[in-house]
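The values are calculated or read from the model by the stated rules, or taken from the named source; none is laboratory data. The model shown is predicted, which means the values in this text are computed figures rather than measured ones. Cβ placement follows ideal geometry from the backbone for every residue including glycine, while neighbour counts extend to all protein chains displayed. Surface accessibility is based on the protein's heavy atoms, side chains included, excluding ligands, DNA and RNA. Shrake-Rupley method; radii C 1.70, N 1.55, O 1.52, S 1.80 Å.
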Amino acid sequence: MQYDHKAIEANWQKHWAENQTFKASNHSDKPKYYVLDMFPYPSGAGLHVGHPLGYIASDIYARYKRHKGFNVLHPQGYDSFGLPAEQYAIQTGQHPAKTTEENIKTYRRQLDRIGFSFDWSREVRTSNPEYYKWTQWIFIQLFNSWYNKDSDKAEDISTLVSIFETAGNKKVNAVSDDEIQSFTAAAWKKFSKKKQEEILLQYRLTFLSETEVNWCPALGTVLANDEIVNGVSERGGHPVVRKKMMQWSMRISAYAQRLLEGLNTIDWPQPLKDSQTNWIGRSQGAMVSFKVLPNETSEEKEGTLSYKKIEEIKELRQNSPKATSALWDVLRKKKGAVKFRQQYILGDFLTDFVCFNKKTIVEFVGKEDEIARANYFASEGYTVVYITNDEVLENIDTVLSKINNGIQFPKIAEQQKVAKKKTKKGVSTPINHQIEVFTTRPDTIFGVSFMTLAPEHELVSQIVTDKQKKAVNEYIEATAKRSERDRMADVKTISGVFTGAYAEHPFTGKKVQIWIGDYVLASYGTGAVMAVPCGDQRDYDFAKHFDIDIPNIFENADISEEAHEGKEGTVIANSDFLSGLKYKKALKLAIYELEKRGIGYGKINYRLRDAVFSRQRYWGEPFPVYYKDGMPQMIDVKHLPIALPEVEKYLPTEGGDPPLGRAEKWSWNTKTNEIVDNSLVISSKSSRAESRGEKSKDNGIYPLELNTMPGWAGSSWYFNRYMDPTNSEEFASKEAMDYWKDVDLYIGGSEHATGHLLYARFWQKFLFDRNIVPVDEFAKKLINQGMITGTSAFVYRLNTTQLKQSVFVSKSFIEKAIKEKKSITDYPEYEKIRPSIVDSNKDKKGVFSFATDGETSWSSFIPIHSDVSFVNTSDELDIEAFKNWREEYKDAEFISEEDGTFKVSREVEKMSKSKYNVVNPDAICEEYGADALRLFEMFLGPLEQSKPWKTSGISGVYSFLKKLWKLYHSGDEGTFVVSEDKATAEELKTLHKTIKKVDEDIANFSFNTSVSSFMIAVNELGALKCDKRAILEPLAILISPYAPHIAEELWNKLGHTASISTAEFPVFDGKHLVESSKNYPISFNGKMRFMLEFPLDMNKEELEKAVLANEKTIAQLDGRTPKKVIVVPGKIVNIVG
RNA sequence: GCUCAAGUGGCGGAAUUGGUAGACGCGCUGGAUUCAAAAUCCAGUUCUUUCGGGAGUGUGGGUUCGAUUCCCACCUUGAGUACCA
């Protein structure tokens, strides 16, 4: 019998299915092992050969682990909610459930053909109500939880309520919305129910908020950041704009730090960890608040405060008399509200000390222009406290109290009240604003020479001076118009506008200009930066562009060309108390000082934003939520699942509501706990009720949420469901989860690094906090399989309008024309077909007037993808098949090679339907079999690497399978024969060499090299004519994870009734590999020249002697004396001459 | 720009506690078998050569008796990210 892959594979696939060979048990004495693939989205295109790569690898691993005595869980399912089915539904009206069902059937058929050892009894589908019941359940758990920073975990919302009831919220240390009013326990109890709910919503782990979202008008939905690529939607490439919408969000930011730390405990690929680290974007630094100076003072001095003048002031400072410095010491160290600046320009006068906040000036008496000064200061509303040098030097405390008495406390307090009122009304007020900034370099704070706010920053309109108002508004408008995409496109352009306002430097008291610029992002940090042009390139560029001062605060740093961004080794200079310190120390001291003076504090910032969880789509999980008085209410878990309603169309409503807005029966009856008809809703104050008109009485029927959950909801916990997939009482039983715990090996694509894999870790940690799952990381080890790229085929069409039909030109013909710099018309091949292709009615002039240089002549051809199935392994195109492919090519003409063939050019591209380069695994299974496909996909190269598919290569593994088959069969008939004789030493050596290699390779996930060693083993055993059961039986087990069908067939023929999948893996025995001699490579100056065989037990000296005595060595040395001889017994001999 | 990964024959790739570069396979060349083809089998296949040899793992340096492997600088390609303060 010859090797008949079709019969063998069909037979065993049927056998495995019927006997449930791979069904995993939740009760076993064996150790558990959980091997998981990222479940697929069942697309309409079906599988191509690139898809199963990871599944084959995980299947090999799962089968190997079974041989090694593990109880293996290896499930599969479908991520079956998603956009393509919905898009198809919009176009055709076909219900997405139906499309999905059909696609799943195709997937299953294709997967079954490849012989995977999946336990299909555990299949899950995210779009199945029995599954999404639990997705909704998790959502409710999140809603009922808050993040307690003190215990550093999520807790039930009831613990938060009890804190509120006893102590208000002052001491609550939670991850919550940014702005929360504080209240006492008494106040909490007095709040209305609705008010309490509003407050709680600000703490819940899933919450409703008006968020600026990525709105994609073409898709009619909101997209997550990871669903946007280069400013357009990942699917379809539609433009995306920013829009404010009421959305559900997930407080993933609460877990930022733990998500980061958890990476150290899991064995995931470094690049993937890096990109999660990057995405979380932890940066350590400080918050610093800058006071905005009142406009009256700053505005008038605008222009007079030149940098030259500042330099003068600096000079003056250094020359301060003793008394001045003594007083300054005291004033400066004084904490709190009363903050003085030293020697500051006010109008045309240089003050000794001034406090802008309290409008108080402290002056030494005896200035030449005393009267003019006094008048000016008074007119500006300042109080002046006069002191003398002697007073200061004699008793500085008396002076201090004198100053304190003079400070305008009451007046200012009043002023502030007025200002606050004004602000509330929207009237701009020049005083008492603070700008909070986040910085990672508080050590460079003395280098601040200006500040920049994001154009959207809320303070901009309040601090801008009348003079600058116009320019600022114009700039803000211009920025708002620019889309994200435009902004990204020109990173280089520096733009910004001065607001006219100034802030006060918290340490030096120096005036700092406040600018706005779109290089500052409203969404990161506080939307404002303190600009340190000498230490940050963007600030530097901005300062250069607008001619702003760039003070240097680094020792020995050249900042004439660019900013000095280095940290290590940098010494801070010109920075008061920080001068002379290195980066690390300066950083710590700066934060310490900021905290001490109450003007800032150390802080860790994360780039990770809370995840928007609402989608305006139909084909997703509905929220178990209804609205009462505008507040969201969870439906009791015992009424889950809330199943998707039927709609007549899958588009958003005319009113802009999501597709669920079209459902007629989509309201919740809180009395009967049923979904009821919308017309029954008469309760007031719900957003939808309002639009339908107010009704008189609340009947307990409320509108349901119209959004659905995003694609990542169902995939964020499915690995837990496989442990107990049919449980209708629980998410999964505690017993099952305690047994399986987590995924031991997870295989899937790296494209999910910042999506699925981050969200899944987040949910797992949350579920862990709430004692639902036993571990807080769901996958111990993860491997990213590389992509299998396709080899596209291109044909070239002449690009002219004056032809009756398409004309295609063979590959080398075009290459020739380009090389020879000629036009196609210069060749006789063209003349032959010319009469039949040129339309005589059209102008013939310049039909093929190509430019003669190589580059531009290409523009006269258009490369067109040909379906790869029309091309054979020698790149020849099947012209007839190509013509029949498309109506437009029916009469096409072809200019062929000289040998009459027509060749295509090849290019490696991503495998995709639109590039006509997909290879269907079904066709491969048909022709070569699943075992050949599995071996070949592994043989292509390292699992993690991306590699091109070339079908021609499969003949190698196919003939390997035939040779393997032959080892167990003999004669022309191919009768199955094995001998019971003892195996020879040589045969045992081959076997054990292979066992060792395969064991190591699987441990390293180096599947490509084990296929090589199988080939070597079979070649060697073939040469030895080995037919011993003692060798061939273990060999079948070795190969069975890779090529399970042929192995199972041979195993059966060897007389076993049980499946090979449970056979024990052969054990390596080193004694078969022991050698007595070694063929030494003899090298001269490191270059190997020849081999000499010596016994392995020879020592260094003996070896050296023997080698030097050898005639080949003597010949190679040619009379020279070796300087040195390196002998490594068992390895090499190197002679240095 | 930043972060990461990778550069080895015509092609996919192998070789790392530093020790014979190109395993294994595809493709190609020649031969056997065949009326012929497919299939199968045998031999060869890094480049170069005056057939002694010489050169060679992206480029240039370095460490070493010896470097694809370690170190430094650079170039190229791919992936991710994008004004993150």
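Descriptive notes on the structure:
- 3J(HN,Hα) along segment A:1119-1127, derived from phi through the Karplus expression 6.51 cos²θ - 1.76 cosθ + 1.60 where θ = phi - 60°, amounts to x, 6, 9, x, 6, 7, 10, 9, 10 Hz, with x in place of Gly and Pro.
- Put a dot 7 Å past the Cα of residue A:541, heading toward its Cβ, do the same for residue A:325, and the two dots end up 4.3 nm apart.
- Sequence-ordered 3J(HN,Hα) estimates for segment A:952-957 from the Karplus curve with 6.51, -1.76 and 1.60 and θ = phi - 60° stand at 4, x, 5, 4, x, 6 Hz, glycine and proline given as x.
- For residue A:246, the accessible area of its heavy atoms, probed at 1.4 Å with every protein chain present, is near 110 square angstrom.
- Inter-label distance for residue A:862 and residue A:729, nm, one decimal - labels placed 7 Å from Cα along Cα-to-Cβ: 6.6 nm
- Protein-only accessible surface at a 1.4 angstrom probe places the residues A:866, A:1077, A:874 in the order A:874, A:1077, A:866, largest first.
- For q = 0.13, 0.19, 0.32 Å⁻¹, Debye-computed log10 I/I(0) when each Cα of segment A:1025-1075 counts as one equal scatterer: -0.33, -0.64, -1.30
- Taking each residue as 0.36 nm, the span from residue A:567 to residue A:91 lengthens on full extension beyond its C-alpha to C-alpha distance by 165.7 nm.
- Residues whose amide H lies under 5 Å from that of residue A:535, counting only those 5 or more places away or on a different chain, are A:564; hydrogens are built 1.01 Å from N in the peptide plane.
- In segment A:1012-1117, Cα pairs under 8 Å separated by at least six residues give a relative contact order of 14 percent.
- The convex hull of the Cα atoms of segment A:999-1137, projected and averaged over all directions, covers 11.4 nm².
- Amide H contacts of residue A:603 (H built 1.01 Å from N, under 5 Å, at least 5 apart or other chain): A:285, A:286, A:287
- Between residue A:672 and residue A:162, the FRET efficiency from the beta-carbon distance, with R0 = 45 Å, is close to 0.90.
- Against the criterion of solvent-accessible heavy-atom surface with a 1.4 angstrom probe, A:572, A:396 sort, most first, into A:396, A:572.
- Karplus (6.51, -1.76, 1.60) ³J(HN,Hα), θ = phi - 60°, over segment A:763-770, in Hz, Gly and Pro reported as x: 5, 4, 5, 4, 4, 5, 4, 8
- Other-chain or far-sequence residues with amide H under 5 Å of residue A:77's (modelled H): A:124
- Sites residue A:576 and residue A:380 - FRET efficiency at Förster radius 35 Å, r taken between beta-carbons, to 0.05: 0.80
- Taken over segment A:1-79, the ratio of Cα radius of gyration to 2.2 N^0.38 Å equals 1.29.
- Residue ranges A:145-151, A:944-950, A:89-95 sort as A:145-151, A:944-950, A:89-95 when ordered by packing (mean number of other C-beta atoms within 10 Å per residue, highest first).
- For segment A:38-91 and segment A:529-590, distance of Cα centres in Å: 53 Å
- Segment A:854-962 - charge dipole about Cα centre, Lys and Arg +1 at Cβ, Asp and Glu -1, debye rounded to 20: 500 debye
- The candidates A:153, A:1053, A:1105, A:1131, arranged from most to least accessible area with a 1.4 Å probe in the full protein assembly, appear as A:1105, A:1131, A:153, A:1053.
- Contour minus Cα-Cα distance for residue A:560 and residue A:102 (0.36 nm per residue): 158.2 nm
- As a rough guide to protection, the peptides A:879-891, A:50-62 ranked by mean Cβ packing within 10 Å, highest first, stand as A:50-62, A:879-891.
- Remark on segment A:566-640: hydrodynamic radius 17.9 angstrom, per the Kirkwood mean of 1/r across alpha carbon pairs.
- Rough spin-label spacing in nm, given labels placed 7 Å along Cα→Cβ, for residue A:812 and residue A:637: 7.2 nm
- Dimensions (Å) - segment A:578-730, Cα atoms, principal axes, largest first: 75, 46, 30
- Mean Cβ neighbour count within 10 Å, used as a protection proxy, ranking A:553-560, A:522-529 highest first: A:522-529, A:553-560
- Distance from the Cα centroid of segment A:1062-1108 to that of segment A:965-983 is 34 Å (rounded to whole angstrom).
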